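Please read the structure below before turning to the comments.
The values are calculated or read from the model by the stated rules, or taken from the named source; none is laboratory data. Predicted model only: the values in this text are computed from it and were never measured. Cβ placement follows ideal geometry from the backbone for every residue including glycine, while neighbour counts extend to all protein chains displayed.
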Amino acid sequence: MTNGVKFGDKHSITDWDLLMTSKDIGEAIPKTNYLTIEGRDGSIDLTEWAGEIKYDDRTLTFDFDLFDTNNFWEVKKKISNYLNGRKLKIILDQDPNYYYYGRCVVASSSISYGIGHFTVQATCDPYKLKLNETNISKSVSPDQTFMLENERKSTMPKVTATANIVFSFGEKQFSISPETVFESPDFILKEGNNEIKIISGTGTLNFSYQEGAL
C-alpha cells in the first residue's frame with residue numbers, strides 16, 4: 001500500500017510525484033457547553049442538549065517532498081491551481097474506505113538543500129464518511145424484525161419498496177409505497193443497531209444511507 005493522498009481526482013504520487021513525509025489528522029473536538037450557576041457545586045453539562053454531541057471542524061495537514069526540483073515551479077503551479085481554496089474529497093491511501101471533505105490550501109512551498117517542500121492543509125467536516133453508501137435490501141413480511149447497523153454519525157436513510165409496506169421505528173410508523181423514495185427527519189439511524197419492525201406488507205425494502213465515523 002502506498003503512502004499518498006488523493007485530493008479530488010488528483011493523487012499526490014501519481015499526478016505530482018510527491019513523497020508524503022508526514023500527515024496530521026486533527027481530531028474532531030466536541031463542542032462542550034457547561035453552565036456555571038452561582039451557589040451551586042460544579043456546573044451543568046449542556047453538551048448534549050440537542051440530543052447528541054456536536055463537533056468542530058477538524059484540520060488535516062500534509063507535508064510533501066519533491067526531489068525533482070527542476071520541475072518545482074511547474075509542480076507548484078499545478079498544485080496551487082488545483083487545490084488552493086477548493087472544497088474536495090480527501091482519501092488517504094492507508095484509509096481507502098473513507099473520505100474527508102474540506103477546503104484545501106497550499107500553506108507553504110519552498111526549496112531547501114535541493115529538495116522541494118509543500119505543506120497542504122484542509123479544514124474539514126468533523127466526520128470522515130464511507131466512500132460508498134451503505135445499501136441494505138431486506139425481504140420482509142408482517143411481524144418480522146431486523147437491525148440496521150450504523151457507525152457514529154446519525155444519518156437519514158432513503159427507503160424504497162417493491163410493495164406497500166408499513167414499518168415501525170421507535171414510537172413511529174412509516175408507510176412506504178413502490179412509487180416513492182421515502183425520507184423523514186423522524187427516521188434517523190443512530191450509532192449501533194437500529195431495530196425495524198414490519199407492521200404490514202410483503203415485499204422488499206431497500207435502505208440507502210451514508211455512514212460516518214470519527
Filtering segment 3-33 down to residues that are part of a strand (DSSP E or B) and hydrophobic (A, V, I, L, M, F, W, C) yields VAL5, PHE7, LEU19, MET20, ILE25
Within segment 121-135, the residues that are surrounded by 14 or more Cβ atoms within 10 Å (Cβ to Cβ) and not in a loop (DSSP other than H, G, I, E, B) are GLN121, ALA122, THR123, CYS124, LYS128, LEU129, LYS130, THR134
Write out, first by first residue and then by second, each pair whose Cβ atoms fall under 9 Å of each other, whose residues are 6+ apart or on separate chains, and whose first residue, in segment 74-101, is on the phi > 0 side of the Ramachandran plot while the second is assigned to a strand (DSSP E or B) and surrounded by 14 or more Cβ atoms within 10 Å (Cβ to Cβ). GLY85/ARG103; GLY85/CYS104; GLY85/VAL105
Pair list, Cβ under 7 Å, 6 or more apart: segment 42-54 residue of a type in the set (A, V, I, L, M), other residue in a loop (DSSP other than H, G, I, E, B) and loosely packed, with under 13 Cβ neighbours inside 10 Å: ILE44/ILE37
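In the list SER154, SER168, SER139, which residue meets the criterion of being out of contact with any helix residue (DSSP H, G or I) (no Cβ under 8 Å at 6 or more places or on another chain) and under 11 Å from LEU189 (Cα atoms)? Steps first, answer last, please.
On the way: SER168 fails: under 11 Å from LEU189 (Cα atoms); SER139 fails: under 11 Å from LEU189 (Cα atoms).
Of SER154, SER168, SER139, the one residue that is out of contact with any helix residue (DSSP H, G or I) (no Cβ under 8 Å at 6 or more places or on another chain) and under 11 Å from LEU189 (Cα atoms) is SER154.
Say we look at segment 1-15 and pick out the residues that are more than 14 Å from LEU83 (Cβ to Cβ) and either in contact with an Asp or Glu (Cβ under 9 Å, 6 or more places away or on another chain) or among the aliphatic types (A, V, I, L, M) (or both); which of these is surrounded by the fewest Cβ atoms within 10 Å (Cβ to Cβ)? Before you say what the answer is, go through the steps one by one.
Quick first cut of segment 1-15, residues more than 14 Å from LEU83 (Cβ to Cβ) only: 1-4, 13-14.
Now narrow it down to the ones that are either in contact with an Asp or Glu (Cβ under 9 Å, 6 or more places away or on another chain) or among the aliphatic types (A, V, I, L, M) (or both): 1-4, 13.
Numbers: MET1: 6, THR2: 11, ASN3: 13, GLY4: 21, ILE13: 16.
So the residue we want is MET1.
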Mind checking which residues of segment 145-162 are loosely packed, with under 14 Cβ neighbours inside 10 Å and not hydroxyl-bearing (Ser, Thr, Tyr)? MET147, GLU149
Could you tell me which numbered condition PHE64 fails, if it satisfies all but one of (1) part of a loop (DSSP other than H, G, I, E, B); (2) in contact with a His (Cβ under 9 Å, 6 or more places away or on another chain)? (1)
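Here is a yes/no grid of residues against (1) loosely packed, with under 11 Cβ neighbours inside 10 Å; (2) closer than 30 Å to LYS190 by Cβ; (3) among the basic types (Lys, Arg):
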residue	(1), (2), (3)
MET20	no, no, no
PRO30	no, yes, no
GLU52	no, yes, no
ARG58	no, yes, yes
LYS78	no, no, yes
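Yes/no matrix, rows are residues, columns are (1) within 21 Å of ASP95 (Cα to Cα); (2) at pLDDT below 95; (3) of a type outside the set (D, E, K, R); (4) under 25 Å from the mean Cα position of the chain (by Cα):
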position	(1), (2), (3), (4)
THR14	yes, no, yes, yes
SER22	yes, no, yes, yes
LYS31	no, yes, no, yes
ASP41	no, yes, no, no
TRP49	no, yes, yes, yes
GLU52	no, yes, no, yes
Any chance segment 108-119 includes a residue that's within 12 Å of PHE7 (Cβ to Cβ), modelled with pLDDT of 95 or more and small (Gly, Ala, Ser)? no
Residue list for segment 94-128, restricted to those being over 15 Å from GLY8 (Cβ atoms) and touching a Gly at 6+ places or on another chain (Cβ under 8 Å): SER109, SER110, THR123, ASP125, TYR127, LYS128
In segment 174-214, which residue that is charged (D, E, K, R) and over 14 Å from LYS138 (Cβ atoms) is surrounded by the fewest Cβ atoms within 10 Å (Cβ to Cβ)? GLU179
Across segment 178-209, what is the number of residues that are part of a strand (DSSP E or B), within 12 Å of MET156 (Cα to Cα) and either of a type in the set (Gly, Ala, Ser) or not assigned by TED's automatic domain parsing to the domain that holds PHE167 (or both)? 1
